[in-house]
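The values are calculated or read from the model by the stated rules, or taken from the named source; none is laboratory data. Small disclaimer: the values here were computed from a predicted structure and weren't measured. Positions of Cβ are backbone-derived with ideal geometry, glycine not excepted, and every protein chain shown enters the neighbour counts. Only protein heavy atoms, including side chains, enter the accessible area calculation; ligands, DNA and RNA are left aside. Shrake-Rupley method; radii C 1.70, N 1.55, O 1.52, S 1.80 Å.
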Amino acid sequence: MRSLLLRFKKHPAGHAAALACTRPDGSVTWQRQRPRHAAFFTRHDLTHYAVETVLAYRRGFFGLIADGWNFDDFGHPWPRGPIPADADPAELIVGFFDAERTSPTPWSAEDFNRYAAGCFASLGVPGAAPPP
């Protein structure tokens, strides 16, 4: 990930949050998370930071932000199109952690494989069918 300054802000009452990302060229993109989404997206974004930093991914979520994507580019109507198929697998890994966090029990390797196969199949990766 190229230099990107991340600023997380939590509302004093804890029910809202915001994230601002300053790119190396000085441009900024930011998003406010409303109360019902604040807890999820703060953890989700911090998980992206951890995964992309530790695994040295350059084209995960924050890599795309550093390349000029804005928060609004990551959802309907997808102004830049879907996340590039050649992007690092950060979304897969972060999605795994998000899904496991909401599960009542830790996931097994089989659970992860089923989840990964479904993600790859949705991206049109050949031979990516969920295991039986």
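Scan the range 73-81 and give yes if some residue there is assigned to a helix (DSSP H, G or I) and either within 15 Å of the chain's Cα centre (by Cα) or modelled with pLDDT of 90 or more (or both), otherwise no.
yes
Considering only residues of the range 53-92 that are without any contact (Cβ under 8 Å) to a residue 12 or more places away in the chain and touching a helix residue (DSSP H, G or I) at 6+ places or on another chain (Cβ under 6 Å), which is surrounded by the fewest Cβ atoms within 10 Å (Cβ to Cβ)?
Checking each candidate, the answer is PRO79.
Check off (1) part of a loop (DSSP other than H, G, I, E, B); (2) on the phi < 0 side of the Ramachandran plot for ASP45 and give me the number that stays unchecked.
Of the numbered conditions (1) part of a loop (DSSP other than H, G, I, E, B); (2) on the phi < 0 side of the Ramachandran plot, the odd one out for ASP45 is (1).
Of everything in the range 1-42, what is within 15 Å of PHE71 (Cα to Cα), among the small types (Gly, Ala, Ser) and part of a helix (DSSP H, G or I)? Give them in sequence order.
Correct list: ALA38 only.
Can you tell me which residue in the range 1-39 is surrounded by the fewest Cβ atoms within 10 Å (Cβ to Cβ), limited to those that are touching a Gly at 6+ places or on another chain (Cβ under 8 Å) and within 16 Å of PHE61 (Cβ to Cβ)?
ARG2
Every residue in the range 40-52 that is farther than 14 Å from LYS9 by Cβ and open to solvent by less than 70 Å² (accessible area, probe 1.4 Å), please.
Within the range 40-52, HIS44, THR47, HIS48, ALA50, VAL51, GLU52 qualify.
Of everything in the range 83-93, what is under 23 Å from ASN113 (Cβ atoms) and in a loop (DSSP other than H, G, I, E, B)? Give them in sequence order.
Once the filter is applied, which keeps residues that are under 23 Å from ASN113 (Cβ atoms) and in a loop (DSSP other than H, G, I, E, B), the range 83-93 yields ILE83, ALA85, ASP86, ALA87, ASP88, PRO89.
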